[in-house]
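Trainee: What follows is a single structure, and I will ask about it in a moment.
The values are calculated or read from the model by the stated rules, or taken from the named source; none is laboratory data. Treat the numbers as computed from the prediction; the structure is a model and nothing was measured. Cβ atoms come from the backbone with ideal geometry, glycine included; neighbour counts cover every protein chain shown.
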Amino acid sequence: MKPNVKLSKTNYLVYRDCAHNAWVKVHRPEVYHAEPLSVFEQAIIETGNDVDVRAREIFPGGVLIRRGDAAGTAELVAAREPVLYQPVFETGRTTTACDILVWNGASHAYDLYEVKASTSGEDRREKDDLYAHDIAFQALVLRENGVPLGRLCLVRLNGEYVSDGTLDLAQLFTREDFTDRATALFEEVAAEMDAAYDTIVLPEMPSPPCLCIYKGRSSQCTTFEHINPGVPDYSVHDLTRIGLSVKKLRALVDGGILSIADVPDDFELSAAQRHQVDAAKRREPYVDFAALETFLGEIRYPVAFLDYETYPCALPRFAGYRPYNHVPFQFSLHVVVAPGAAPVHSEFLYTEKGCPDQPFVDALKRAVPSEGTVIVWNQSFEKGINAGLAARLPAEQAFLEAVNARVVDLMDVFSRQTVVHPGFRGKTSIKWVLPALVPRLSYKGLAIQEGATASETWNRIVTGELEPDEAEEARRNLLTYCGLDSLAMVEIWRALEATLAARTLREAG
């Protein structure tokens, strides 16, 4: 047992997801943090910090507690300091920091405000349950410290708020009373806290497997491979939508079937899952030629391959934006005007200080052909961006709706299992499809290799975090990355056409 181990709120929430993972986090931090935070994960943390700081402004005049200063917190609470930011509380077994405590003179108690960088308009059931457990943990620790507690509240971004170019904090944030929800969980959370503490003080990790063995790959804990070393890299956990088929996954795992290539031929699977298994066993692609022929037959020249890059801004920067509306700052377009023609490339990147909406649409109008198919990857994204632009720029609505009407989603070929390649590993991301179908093209070696890094790179440019020479290099890196995204679609489309042509040739004898 490590000396002075205390159960933090973070470790409690990790425990609720996976007890083994919580133990690894405490005792083997080098394993837990073996992979550095991704740019996306870092951005989430920074966004949370930004939102937390702005939320303090609706409770002004508070005292910011130094990290870990439980003694200083206790003195200020005893003196009934009106507002505390990041107050710290400890017991013999637990520790927590709250976002905001506000003294309520009417109830002679402190109201607790937990700040979250989520929005009030999203599907909230699962998150609200998580938040209620989060708040209950804090409340129990504060009660053990003798803090008089009043209301237990959640502060988050108002998904209906539309900025006029400024931030009205009273409208930007919602304040929701979670008192009843949190207090109803006290007995359950107290028991979980005891169990979590008993787990993290164990001298050895609990025997594997962890419960994530019964979850699909995307839902597994962060140290799954360390905890469960016998699970192969490409396993039954990678079967498409297997996380929604708990009985199937449990039957496979309990039967000792972990490799996707070992799934019995008579095991009940969906058609998509069976195609994936068969492709893995044969080590060659499965192709539904009839469906592929139908898909490719609907594409009309000139064919425009279009990719957007955007920044999801939690705190709206421009008029007409809601929290987390994506700011479109870049696109890349490759146009093939006729069969066999070389693709013609055009691109746009906005790195000025103002809102990019109108310049973005102006450039799009110059670049996109007035007819033919517009091919994207994951159409809900690009079409959603166009719809947002149309709402903010009513004069451009007709153009943007016309573009959306011509959109065809190249990802459909893979998400609908028209083509299944063992190299996809059950994924439909272009980052997995491209190397399997067009191995000569790769994102490896690029300074920017995925969208989250592109978003944060743009943000660092426009907020002045980069020196001029760094900003220029970042600009070039953005153009290279986005350019490959649209070119990748061209080459994947050509690979599909070649696959269909080869089959037609074979049938012709």
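Trainee: For the stretch 133-176, enumerate the residues that are among the small types (Gly, Ala, Ser), surrounded by fewer than 20 Cβ atoms within 10 Å (Cβ to Cβ) and more than 20 Å from Arg93 (Cα to Cα).
Mentor: Across the stretch 133-176, the qualifying residues are Gly150, Gly159, Gly165, Ala170.
Trainee: Checking Ala395 against (1) in contact (Cβ under 8 Å) with a residue 24 or more places away in the chain; (2) farther than 20 Å from Glu491 by Cα; (3) not acidic (Asp, Glu), which single condition isn't satisfied?
Mentor: Ala395 satisfies all of (1) in contact (Cβ under 8 Å) with a residue 24 or more places away in the chain; (2) farther than 20 Å from Glu491 by Cα; (3) not acidic (Asp, Glu) except (1).
Trainee: Scanning the stretch 210-229 for residues that are of a type in the set (Val, Ile, Thr) and assigned to a helix (DSSP H, G or I), which turns out farthest from Ile242 (Cα to Cα)?
Mentor: Per the criteria, the residue is Ile227.
Trainee: Need the failing condition index for Ser207 against (1) among the polar types (S, T, N, Q); (2) closer than 25 Å to Val51 by Cβ; (3) in a loop (DSSP other than H, G, I, E, B), just the number.
Mentor: (2)
Trainee: Then there's this: Would you pick out the residues in the stretch 279-315 that are free of Cβ contacts under 8 Å to residues at least 24 places away in the same chain, out of contact with any His (no Cβ under 9 Å at 6 or more places or on another chain) and buried (at least 17 other Cβ atoms within 10 Å of the Cβ)?
Mentor: Across the stretch 279-315, there are no qualifying residues.
Trainee: Have a look at Leu446, Leu487 and point out the one that is surrounded by 14 or more Cβ atoms within 10 Å (Cβ to Cβ) and not polar (S, T, N, Q).
Mentor: Details: Leu446 fails: surrounded by 14 or more Cβ atoms within 10 Å (Cβ to Cβ).
Testing whether each residue is surrounded by 14 or more Cβ atoms within 10 Å (Cβ to Cβ) and not polar (S, T, N, Q) leaves just Leu487.
Trainee: Next question. Condition check: free of Cβ contacts under 8 Å to residues at least 40 places away in the same chain and loosely packed, with under 15 Cβ neighbours inside 10 Å. Does Ala78 satisfy that?
Mentor: For Ala78, the condition - free of Cβ contacts under 8 Å to residues at least 40 places away in the same chain and loosely packed, with under 15 Cβ neighbours inside 10 Å - is met.
Trainee: Which count do you get for residues in the stretch 1-31 that are outside any helix (DSSP H, G or I) and within 18 Å of Gln138 (Cβ to Cβ)?
Mentor: Matching residues across the stretch 1-31 total 3.
Trainee: Return the residues of the stretch 474-489 that are touching a residue at least 40 places away in the same chain (Cβ under 8 Å), in contact with a Leu (Cβ under 7 Å, 6 or more places away or on another chain), hydrophobic (A, V, I, L, M, F, W, C) and under 18 Å from Val462 (Cα atoms); say none if nothing qualifies.
Mentor: If the condition is that a residue be touching a residue at least 40 places away in the same chain (Cβ under 8 Å), in contact with a Leu (Cβ under 7 Å, 6 or more places away or on another chain), hydrophobic (A, V, I, L, M, F, W, C) and under 18 Å from Val462 (Cα atoms), then Leu478, Leu479 are the ones that fit.
Trainee: Restricting to the stretch 48-65, what's the tally of residues that are part of a loop (DSSP other than H, G, I, E, B) and either touching a Ser or Thr at 6+ places or on another chain (Cβ under 9 Å) or modelled with pLDDT under 95 (or both)? First the steps, then the outcome.
Mentor: Just the residues of the stretch 48-65 that are part of a loop (DSSP other than H, G, I, E, B), to begin with: 59-62, 65.
Next cut, either touching a Ser or Thr at 6+ places or on another chain (Cβ under 9 Å) or modelled with pLDDT under 95 (or both) only: 65.
Adding up the residues that qualify gives 1.
Trainee: Limited to the stretch 404-422, what total is found for residues that are surrounded by fewer than 20 Cβ atoms within 10 Å (Cβ to Cβ) and in a helix (DSSP H, G or I)?
Mentor: So the answer is 4.
Trainee: Taking Arg124 as the residue in question, decide whether it is in contact with a Gly (Cβ under 9 Å, 6 or more places away or on another chain), among the charged types (D, E, K, R) and either under 24 Å from Ala170 (Cβ atoms) or surrounded by fewer than 17 Cβ atoms within 10 Å (Cβ to Cβ) (or both).
Mentor: no
Trainee: Right, something else. Return the residue satisfying two criteria in turn: it lies in the stretch 462-509 and is closer than 26 Å to Val376 by Cα and among the basic types (Lys, Arg), and of such residues it is modelled with the lowest pLDDT.
Mentor: Arg503
Trainee: Can you name every residue in the stretch 347-359 that is surrounded by fewer than 17 Cβ atoms within 10 Å (Cβ to Cβ) and either in a helix (DSSP H, G or I) or over 26 Å from the mean Cα position of the chain (by Cα) (or both)?
Mentor: Of everything in the stretch 347-359, those that are surrounded by fewer than 17 Cβ atoms within 10 Å (Cβ to Cβ) and either in a helix (DSSP H, G or I) or over 26 Å from the mean Cα position of the chain (by Cα) (or both) turn out to be Glu352, Lys353, Gly354, Gln358, Pro359.
Trainee: If Asp362 satisfies every condition in (1) buried (at least 17 other Cβ atoms within 10 Å of the Cβ); (2) assigned to a helix (DSSP H, G or I); (3) of a type in the set (Asp, Glu) but one, which is the exception?
Mentor: Here Asp362 clears every test but (1).
Trainee: Still on this structure, please answer the following. How about the stretch 316-325: which of its residues are in contact with a Gly (Cβ under 7 Å, 6 or more places away or on another chain) and buried (at least 16 other Cβ atoms within 10 Å of the Cβ)?
Mentor: Answer for the stretch 316-325, where residues must be in contact with a Gly (Cβ under 7 Å, 6 or more places away or on another chain) and buried (at least 16 other Cβ atoms within 10 Å of the Cβ): Phe318, Arg322, Pro323, Asn325.
Trainee: For a quick check of your reading of the model, give me the residue pairs whose first member lies in the stretch 201-229 and is charged (D, E, K, R), whose second is part of a helix (DSSP H, G or I), with beta-carbon atoms closer than 7 Å and at least 6 apart or on different chains.
Mentor: Qualifying pairs under 7 Å: Lys215/Gly243; Arg217/His237; Arg217/Asp238.
Trainee: Also, quick follow-up: Need pairs with beta-carbon distance below 6 Å; first residue of a type in the set (Val, Ile, Thr) and within the stretch 19-44, second in a loop (DSSP other than H, G, I, E, B); sequence gap 6+ or separate chains.
Mentor: Between residues of the stretch 19-44 that are of a type in the set (Val, Ile, Thr) and residues that are in a loop (DSSP other than H, G, I, E, B), the close pairs are Val24/Thr223; Val31/Thr223.
Listed here are the residues, each with its yes/no results for (1) of a type in the set (Ser, Thr, Tyr); (2) within 25 Å of Asp238 (Cβ to Cβ); (3) over 18 Å from the mean Cα position of the chain (by Cα).
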| position | (1), (2), (3) |
| --- | --- |
| His421 | no, yes, yes |
| Ser442 | yes, yes, yes |
| Gly445 | no, no, yes |
| Ala454 | no, no, no |
| Thr457 | yes, no, no |
| Ala471 | no, no, yes |
| Asn477 | no, no, yes |
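Trainee: Being in contact with a Phe, Trp or Tyr (Cβ under 8 Å, 6 or more places away or on another chain), assigned to a loop (DSSP other than H, G, I, E, B) and within 17 Å of Val51 (Cβ to Cβ) is the filter here; which residues of the stretch 110-158 pass it?
Mentor: The one that is in contact with a Phe, Trp or Tyr (Cβ under 8 Å, 6 or more places away or on another chain), assigned to a loop (DSSP other than H, G, I, E, B) and within 17 Å of Val51 (Cβ to Cβ): Asn158.
Trainee: Checking Glu75 against (1) part of a loop (DSSP other than H, G, I, E, B); (2) over 19 Å from Phe137 (Cβ atoms), only one condition comes out false. Which one?
Mentor: (1)
Trainee: Please enumerate the residues belonging to the stretch 251-277 that are free of Cβ contacts under 8 Å to residues at least 24 places away in the same chain and either exposed (fewer than 14 other Cβ atoms within 10 Å of the Cβ) or farther than 27 Å from Pro208 by Cβ (or both).
Mentor: If the condition is that a residue be free of Cβ contacts under 8 Å to residues at least 24 places away in the same chain and either exposed (fewer than 14 other Cβ atoms within 10 Å of the Cβ) or farther than 27 Å from Pro208 by Cβ (or both), then Asp254, Gly255, Gly256, Pro264, Asp265, Asp266, Glu268, Arg274 are the ones that fit.
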